[in-house]
Amino acid sequence: MATTVRGKNLEVTDALKNYVLKHEKKVTKYFESEVNLQAMLSVEKERKIAELTLKVDGVVLRVVEANEDMYAAIDLIFDKMVRQIHKYKTRIARRIKSGSFQTALATEAPESDEVFEVVRTKKFAARPMDVEEAILQMNLVGHDFFVFLNAETENISVVYKRKHGKYGLIEPEF
């Protein structure tokens, strides 16, 4: 198991790192295979923000919480991660071939019986373009994201508008 604790606009003290490491068992107990856990602690103005990313068997789960107190934010991200594991356990269990995730969670009930229904399918002609052109196209159609064929990598990619107004790029990793 690999757990890293990093800080942004914040020096990660031993007390904060130990607090995160003390809570890691809350989420790692559900997995028998190797778990990569990354915690990012940051400060923006008066808000203390804690982000937790869990990578296991090709599945990535991520939660973010903000609070006035960093320790409270850490508590919240671990509680939220446990709820997310429960919520998506059946979908994740189907993806993981080893069955280690499935057997660990088989006795616990999911929080909701959420049904995922596709109400519309859309097809489009993916023509090669660079990232800047994709952002322009996205803004022209007024969407928050845009799928395109990246001319540089020759892969399908996605550009999206982030909360703070800047843009993000999602590319496949093979």
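Residues of segment 6-15 that are among the aliphatic types (A, V, I, L, M) and either modelled with pLDDT of 90 or more or open to solvent by 100 Å² or more (accessible area, probe 1.4 Å) (or both): Ala15 alone.
Phe124 passes every criterion in (1) closer than 30 Å to Gly7 by Cα; (2) at pLDDT below 90 apart from (1). Hey, any hits in segment 9-19 for a residue that's assigned to a strand (DSSP E or B), more than 21 Å from Glu173 (Cβ to Cβ) and not aliphatic (A, V, I, L, M)? Checking segment 9-19: not a single residue is assigned to a strand (DSSP E or B), more than 21 Å from Glu173 (Cβ to Cβ) and not aliphatic (A, V, I, L, M).
Taken over segment 155-166, the residue count meeting the criterion of being open to solvent by 60 Å² or more (accessible area, probe 1.4 Å) and either among the basic types (Lys, Arg) or farther than 11 Å from Ala126 by Cβ (or both) is 6. Figure legend. Inter-residue proximity from segment 17-34: first residues under 17 Å from Asp75 (Cβ atoms), second residues at pLDDT 90 or above and loosely packed, with under 13 Cβ neighbours inside 10 Å, beta-carbon distance below 9 Å, spacing 6+ or different chains. No pairs are indicated. Kindly indicate whether any position in segment 138-147 is open to solvent by less than 90 Å² (accessible area, probe 1.4 Å), aromatic (Phe, Trp, Tyr) and in contact with a Gly (Cβ under 6 Å, 6 or more places away or on another chain). Among the residues of segment 138-147, not one is open to solvent by less than 90 Å² (accessible area, probe 1.4 Å), aromatic (Phe, Trp, Tyr) and in contact with a Gly (Cβ under 6 Å, 6 or more places away or on another chain), which makes the answer no.
Counting only residues that are under 17 Å from the mean Cα position of the chain (by Cα) and farther than 19 Å from Lys87 by Cβ, segment 9-61 holds 9 of them.
Val119 satisfies every condition listed in (1) farther than 19 Å from Thr4 by Cα; (2) aliphatic (A, V, I, L, M); (3) modelled with pLDDT under 80 except (3).
When you look at Val60, is it out of contact with any strand residue (DSSP E or B) (no Cβ under 6 Å at 6 or more places or on another chain), in a strand (DSSP E or B) and either assigned by the TED database to the domain that holds Glu32 or at pLDDT 90 or above (or both), yes or no? Answer is yes for this residue. Of all residues in segment 18-56, those satisfying the criterion of being open to solvent by 90 Å² or more (accessible area, probe 1.4 Å) and touching a helix residue (DSSP H, G or I) at 6+ places or on another chain (Cβ under 8 Å) are Lys29, Glu32. If I filter segment 57-81 down to residues being open to solvent by less than 30 Å² (accessible area, probe 1.4 Å) and not small (Gly, Ala, Ser), which single residue comes out as farthest from Thr3 (Cα to Cα)? Out of the qualifying residues, it is Met70.
The values are calculated or read from the model by the stated rules, or taken from the named source; none is laboratory data. Note that the structure is a prediction, hence the values are computed from the model and not measured. We place every Cβ from the backbone using ideal geometry, glycine too, and count neighbours over all the protein chains shown. In case anyone asks, the SASA skips ligands and DNA or RNA and just uses the protein heavy atoms, side chains included. Shrake-Rupley method; radii C 1.70, N 1.55, O 1.52, S 1.80 Å.
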